Structures are given as C-alpha cells and as structure tokens.
Amino acid sequence: MANNTPHAIRGTQDIFGADAEAFAFVVETFEHMRKLYRFRRAEMPVFEKTEVFARSIGETTDVVSKEMYSFEDRGGESLTLRPEFTAGIARAYLTNGWQQHAPLKLVTHGPLFRYERPQKGRYRQFHQIDAEIIGAAEPQADVELLAMADQLLKELGVADGVTLQLNTLGDADSREAWRSALVGYFRDVQGELSEDSQERLEKNPLRILDSKDPRDRKFVADAPQIDDFLSGEAQDFFGAVIGGLDAAGVAYERNKALVRGLDYYRHTAFEFVTDRLGAQGTVLGGGRYDGLMESLGGPATPAVGWAAGIERLAMLVGERSEAELEVAVVAENTEREGEAARLVSIYRNAGVVAELFATGSPRKRFDRAMKVNPAAVVSLDIRDGEKREAIKHIRENARVADIFAAFVTHE
Ligand code: ATP
Ligand code: MG
C-alpha cells in the first residue's frame, strides 16, 4: 500500500467476505421474520435535527451528552447523524400523521453513529436492525416483539447461551417513587461511587444500576428494588407480559437491576445478553417508551420496540461461506465464447448459480474454473474442426445436468 493513501476513520469498518456474508444473513433472516410477524418496512433519514435526539433520548444520557456526531450544516442548523432509530421513527410518525396506521408495526435497519471508544463489538459507525410497535398500549405488543426477537435468534442459530433478561420500570408514578428511593440510598455512599455515577445521582439515578464500574456494582445489589414501588396497574401490566411470554414459549430471567440507558422507557425493559462476546454482551435491547412522543411535542402515544447490533449478531453467527458456484461454463475455444455466454444466461434465468470463464488464455480457463470449486463444469470446445461439449460433475446437481442436456440437444 502506498504511504499516502487515506486511512479509514477510527471505529468504522470495511466488512467483506465471510464477515459480510454473516452480516447479510442477519439482515435476510430479520426480513424473513418481519414478514412472518407482519411488520411494515420503513427507510429513514441518516440525519435529523439535533433536537430530535436531544429531546427524546434525554440530555442526561451518555448518548446525547457524549456520543453524538453533531455538526452545523451550511445553513447554520445543528444536525446529528442518528445514534439510534427510535427517535427518528417517532419524529416521522408525528410529521407524517402515521397515527392513521396505529397500531403501526414497523421495522428498519441501517447504519448508526456514536462517538465511542472503538473496540471489539463497539464501533463509531455500526448497524442495527430495529422493530417498533407504535400506538399499542397493550402488553400483547411487548410480547409480540419479544417473541419475534426470540425466534430471530433461534433462526440465526445463536440462541444457545443467549438469555432474555426482563424487568419493569413501572408507570410514571412508580418510576418516580423508585427514583427518589434510589437517590436517598446512593446519596449515603456518594463519595464511594464512580465519578460518572456521582454525576448520575442528580440527573438520572436509575442509570447507576446500569453502571459497569466495580465501584458502583458493589452497591447495586442492595439498592431499593422497583417491585416495592409498583402501582397495582403496573403490576398487572408486567404480569400480563410474563403470562404472554409463557404462552408463547419464550424463556426469560428477571433482572431487577436492568434499566436500559435511555430516559424514555416505561414498564417493560429487556435485553438479550450473552457471555460469548466478552464485555460487549448485549446483543438486543429495548422496551416500552410511552413517554417519548410527548417529549417531541406529540400526543401521548404508547409504543414499544427493540434494536439489535448487526455486528454483534454476525459475530455470534460466525463466518459464513459465499453462495456455492453450481456451474462454471468454460469456453475452451474463442469461437465458442458466444454460446458459452448464452448457456450461462440460460442457467442464471433458471435460478442456477453460474459463472462464465471466457477471458484470458483459452487453455487456462478450465483450470481457473476448477479452482473456484464449482459443483459442475461445462466446457464448450472445438476439436478436429468439430464442436464438443462435456460436463464434469464434482457434486451431483440434477438441474445443471438437465439444462446441459437440453442445450446440447438444441445445438
Ligand atoms: P451498550 O451497553 O453495549 O453500550 P447500548 O445500551 O448503548 O449498548 P442500545 O442503544 O440499546 O445499546 O443499542 C442496541 C444494540 O445496538 C446493543 O445491544 C448493541 O448490540 C448495539 N450497539 C450499541 N452501540 C454499539 C456500538 N457502538 N457498536 C456496535 N454495536 C452497538
Ligand atoms: Mg452504549
């Protein structure tokens, strides 16, 4: 590589080969799932006005306070590369009057941007698949989303060693009462908490429970628990979610310290976690965000959703091979290149994975074809002034043989 070629931006990835195949497999499987569950597709802008994220995710979260890629555009407006999907989808729901579709089951996927310390499973440009149900207040919506996530992990073949951790944050009143109790509890040990958590104590004490710092962890175990503050309604809601999961055969574990990073959550909060990815163990996370639409100036709108990192899922999937070449069509004589091209298109139109070998030295084409490990090689040649066609099967494939036979007959 020449010394003066540009470097990639830190924390971005060039995904290629077996890794790109694993990435594509995650997206394809997700597409399959969302059709099975009848979620509609949306494509969203990569950037939004900064306020869309500041007002919804919350100024006190790490995402808004430290991780956003914000910039002024040429018109002097503050814009931000999306750090998550939910806020933009909520904005779109309000600007486009998607209330008419409620309850709206929606998915999207694509790149997101966060200014984080890059490491394995943590990037500055990463990718998520995302699923939301907007305008549904019933616990059945939470159950449907969780069942889809659970089935997705199974279809990807990564469900082993991945656990669904489930919690409730209660309704607004329960959450507020719990919050006060947490402030009281952590204030007594304030000096022993991490610097980050000392700051969180004033702004967003729930997030101390989410801290990975060992100085905080040791106090988390004995912290006040949400169950002591849940209203009857909030208890019923959580009970219905659990009942629905049991009915759908979705296994879960209760994690009373699970709060999720963002401010807008109410009731159900969940994460699918694994110990197979080191420190970056959360593969999928989400919950109910009934308060979000109002923070954007819209009408009260119940909603629930989740997002999963495609890279982390792809790491669990492992390397995947590219599609097998079913037939290599070789023109061993320049005069037969046109027919070889025609045969390749016949194969492809019939849905057979085919590749043409009709460039470079005719004598080397057959060997080049063999090197890419095709299931079969068809060669078209001219010997002693006569056309010759041959098929060599490395692995049996009836369709390849039938199409070859028909082609030879019609020559
Ligand atoms: P973490 O605790 O790992 O920082 P988070 O709570 O910030 O995760 P969410 O905002 O809930 O993550 O995003 C959902 C999912 O997106 C995560 O579970 C993870 O799989 C993925 N994800 C989040 N940030 C990154 C990143 N910087 N690089 C790669 N994947 C990420
Ligand atoms: Mg994060």
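The values are calculated or read from the model by the stated rules, or taken from the named source; none is laboratory data. Note that the coordinates shown come from a computational prediction; the quantities given were computed from them, not determined experimentally. Don't worry about glycine lacking a Cβ; one is built from the backbone with ideal geometry, like all the others, and counts go over all protein chains shown. All accessible areas refer to the heavy atoms of the entire protein, side chains included, with ligands and DNA or RNA removed. Shrake-Rupley method; radii C 1.70, N 1.55, O 1.52, S 1.80 Å.
Give the residue, chosen from Ala141, Ala92, Ala87, that is of a type outside the set (Phe, Trp, Tyr), within 16 Å of ligand 2 (Cβ to nearest atom) and assigned to a helix (DSSP H, G or I).
Numbers: Ala141 fails: within 16 Å of ligand 2 (Cβ to nearest atom); Ala92 fails: within 16 Å of ligand 2 (Cβ to nearest atom).
Within the list Ala141, Ala92, Ala87, the selection yields Ala87.
Test Ala149 against the criterion of being within 16 Å of ligand 1 (Cβ to nearest atom) and in the same structural domain as Thr50 (by TED's automatic domain parsing), and give yes or no. Even if it seems obvious, please write down each step before you answer.
Values: within 16 Å of ligand 1 (Cβ to nearest atom): yes; in the same structural domain as Thr50 (by TED's automatic domain parsing): yes.
Criteria met by Ala149.
Could you look through segment 261-287, keep only residues that are closer than 25 Å to Ala177 by Cβ and open to solvent by 40 Å² or more (accessible area, probe 1.4 Å), and pick out the one that is nearest to ligand 2 (Cβ to nearest atom)? Spell out the reasoning first.
Going residue by residue through segment 261-287, those that are closer than 25 Å to Ala177 by Cβ are 261-271, 285-287.
Then drop every residue that is not open to solvent by 40 Å² or more (accessible area, probe 1.4 Å), which leaves 263, 266.
On the way: Asp263: 14, Arg266: 20 Å.
That would be Asp263.
Which one of Lys120, Lys105 is more than 16 Å from ligand 1 (Cβ to nearest atom), farther than 15 Å from Thr50 by Cβ and either among the acidic types (Asp, Glu) or in the same structural domain as Val46 (by TED's automatic domain parsing) (or both)? Working first, answer last.
Details: Lys120 fails: more than 16 Å from ligand 1 (Cβ to nearest atom).
Going through Lys120, Lys105 in turn, the sole match is Lys105.
For Val344, state whether it is of a type in the set (A, V, I, L, M, F, W, C) and within 15 Å of ligand 1 (Cβ to nearest atom).
Values: of a type in the set (A, V, I, L, M, F, W, C): yes; within 15 Å of ligand 1 (Cβ to nearest atom): no.
Taking the combined requirement at face value, the residue does not satisfy it.
How many residues does segment 95-120 contain that are within 16 Å of ligand 2 (Cβ to nearest atom) and either under 20 Å from Tyr37 (Cα atoms) or surrounded by fewer than 17 Cβ atoms within 10 Å (Cβ to Cβ) (or both)? Please lay out each step first, then the result.
Quick first cut of segment 95-120, residues within 16 Å of ligand 2 (Cβ to nearest atom) only: 111-120.
Add one more test, that the residue is either under 20 Å from Tyr37 (Cα atoms) or surrounded by fewer than 17 Cβ atoms within 10 Å (Cβ to Cβ) (or both), and what stays is 111, 115-120.
The total comes to 7.
Answer yes or no as to whether Gln125 is surrounded by fewer than 20 Cβ atoms within 10 Å (Cβ to Cβ), assigned by TED's automatic domain parsing to the domain that holds Glu43 and more than 15 Å from ligand 1 (Cβ to nearest atom).
Numbers: surrounded by fewer than 20 Cβ atoms within 10 Å (Cβ to Cβ): yes; assigned by TED's automatic domain parsing to the domain that holds Glu43: yes; more than 15 Å from ligand 1 (Cβ to nearest atom): no.
It is false that Gln125 is surrounded by fewer than 20 Cβ atoms within 10 Å (Cβ to Cβ), assigned by TED's automatic domain parsing to the domain that holds Glu43 and more than 15 Å from ligand 1 (Cβ to nearest atom).
Would you mind telling me which numbered condition in (1) open to solvent by 30 Å² or more (accessible area, probe 1.4 Å); (2) at pLDDT 95 or above Glu319 fails?
For Glu319, the exception is condition (2).
Looking at Arg217, Arg175, which is the one that is open to solvent by 30 Å² or more (accessible area, probe 1.4 Å) and either part of a loop (DSSP other than H, G, I, E, B) or in contact (Cβ under 8 Å) with a residue 40 or more places away in the chain (or both)?
Numbers: Arg217 fails: either part of a loop (DSSP other than H, G, I, E, B) or in contact (Cβ under 8 Å) with a residue 40 or more places away in the chain (or both).
The unique qualifying residue is Arg175.
Looking at segment 274-351, what helices (runs of 4 or more DSSP H) fall wholly within it and have at least 2 residues that are free of Cβ contacts under 8 Å to residues at least 12 places away in the same chain and more than 21 Å from the chain's Cα centre (by Cα)?
On the way: elements: 292-295, 310-317, 337-349.
Output list reads 337-349.
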